[in-house]
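Input: a single structure, listed below in structure tokens.
The values are calculated or read from the model by the stated rules, or taken from the named source; none is laboratory data. Computed from a prediction, not measured in an experiment: that's the story for all the values here. Neighbour counts run over all protein chains shown; Cβ positions are idealised from the backbone, glycine included. For accessibility, only protein heavy atoms count, side chains too; no ligands or nucleic acids. Shrake-Rupley method; radii C 1.70, N 1.55, O 1.52, S 1.80 Å.
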Amino acid sequence: MPVLPHRAGPLPRRVLGRAAAAVALLGALSFGALIVSAPVATAAGAVPAAPVLAPPVPAVPVPAAADDGISWSVTPADNRQGKGRANYGYAVEPGDRVSDALVVTNRSAAPLQLSVYGTDAFTTPSGHIDLLTADDPATGLGTWLTFRRGTLDLEPGESAEVPFTLRVPDDAAPGDHSGGVVTALTQRVGDSALTVDRRLALRVHARVAGDLAPGLGISDVSVTTDLSANPFGTVTSTVRYSLTNSGTARLVPTETVAVAGPGGTAWLGDPATASGELPEILPGSTVERVVTVSGVRPLVRAEATVRVDGLVIGIGGGGVTSANDAASGWAVPWALLGLVVLAVTAAVVVPLVRARRSAGSRGAGGSAGATPREVKATVTQEA
């Protein structure tokens with residue numbers, strides 16, 4: 001901004017009028033920066049719905065295949081529990097015992113010695129279903145599984161059936177319990193003490209009879225908004241939150257994330273949204289979500305609203321549940337504010353410069369008219 005010499009006296013009325021209008025506009029934009037929306041959290045209870053049967057799910061952990069040609073397969077045995085199954089699913093009562101089996105086939109050209117055991121399943125923070133490692137003791141469904149043999153020796157191309165029993169504790173809580181039957185090959189790497197544990201597993205789900213209580217929880221919602229060089233364009237907001245299956249049922253969630261202006265308003269159109277179906281979340285597991293929402297108008301503050309609807313899956317279905325939460329963050333339109341500052345500067349400074357130039361021109365013209373008369377009077381007196 002140029003520095004002008006001080007000039008005493010009131011400003012012209014047109015200058016004051018333009019300055020007042022510009023300051024009022026800047027004040028209106030600044031007022032938006034003072035609006036802070038407090039987070040709101042609510043959760044709806046379960047609503048009955050039509051039964052939903054879970055789709056077949058393939059085996060979970062790391063496939064047992066490598067460049068050294070070692071490979072094997074694991075499938076559920078065909079018996080009175082079912083045929084052509086992708087995994088194991090049981091509807092049980094507390095105290096029940098279920099007999100079943102798995103078939104293991106050595107598909108490599110070398111003999112294999114595999115260990116067989118049961119463990120617990122969980123959903124990772126990134127949203128994938130996984131099983132506990134061998135050195136992490138099971139505390140849930142994995143403790144319900146017992147196998148007729150814990151090791152299995154297979155010649156190349158040989159198959160073997162491994163019977164197991166699922167014993168449901170008398171005090172088992174109603175709802176879904178998940179785990180897996182695991183076959184593992186432990187190998188030493190060269191001459192070092194490093195070992196590699198290859199695993200191939202099948203998931204096991206058991207729904208214990210009783211009142212099913214599906215539930216979801218949303219926490220730690222935050223929103224950050226990118227900058228933009230275009231003062232009239234849209235930007236991208238990133239919404240982060242934690243989603244927890246707080247109930248007793250397996251859920252497939254569907255999320256909807258919306259970003260709007262202060263107080264949830266959308267001054268220049270509908271709120272920007274992003275939605276989609278998420279992978280299955282097991283009871284007790286938490287996933288960390290990062291959602292990118294494009295087309296956001298930066299209106300000083302951005303309010304993000306997160307809603308998740310969870311559909312119960314598994315034997316017999318069980319209904320739906322939902323949860324929602326909200327948070328706000330800064331979304332300052334710096335490029336637009338820069339234009340406003342330039343407009344204020346132009347509205348105030350340009351009229352001042354013009355007024356000073358006009359006054360200077362009038363003063364210079366008066367002095368030039370006096371000098372010739374004074375010179376002429378002097379010349380006449382000497383004559």
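Data overview
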quantity	calculated
Condition check for Pro163: in a strand (DSSP E or B), surrounded by fewer than 18 Cβ atoms within 10 Å (Cβ to Cβ) and not small (Gly, Ala, Ser)	yes
Residue match in region 216-239 (condition: in contact with a Phe, Trp or Tyr (Cβ under 8 Å, 6 or more places away or on another chain), of a type in the set (Gly, Ala, Ser) and part of a strand (DSSP E or B))	yes
Failed item, numbered, when Gly190 is tested on (1) assigned to a strand (DSSP E or B); (2) surrounded by fewer than 23 Cβ atoms within 10 Å (Cβ to Cβ)	(1)
Subset of region 280-300 [open to solvent by less than 20 Å² (accessible area, probe 1.4 Å) and in contact with a helix residue (DSSP H, G or I) (Cβ under 8 Å, 6 or more places away or on another chain)]	Val300
Test result for Leu339, at pLDDT below 90, open to solvent by 30 Å² or more (accessible area, probe 1.4 Å), touching a Pro at 6+ places or on another chain (Cβ under 6 Å) and farther than 30 Å from Leu212 by Cβ	yes
Residues of region 86-120 that turn out to be open to solvent by less than 50 Å² (accessible area, probe 1.4 Å) and either out of contact with any Asp or Glu (no Cβ under 7 Å at 6 or more places or on another chain) or not small (Gly, Ala, Ser) (or both), as a count	23
In region 148-196, the residues that are of a type outside the set (A, V, I, L, M, F, W, C) and closer than 30 Å to Gly318 by Cα	Thr165, Arg167, Pro169, Asp170, Asp171, Pro174, Gly175, Asp176, His177, Ser178, Gly179, Gly180
Residue satisfying condition, being free of Cβ contacts under 8 Å to residues at least 60 places away in the same chain and of a type in the set (Val, Ile, Thr), within set Thr186, Thr238	Thr238
Failed item, numbered, when Thr133 is tested on (1) modelled with pLDDT of 95 or more; (2) assigned to a loop (DSSP other than H, G, I, E, B)	(1)
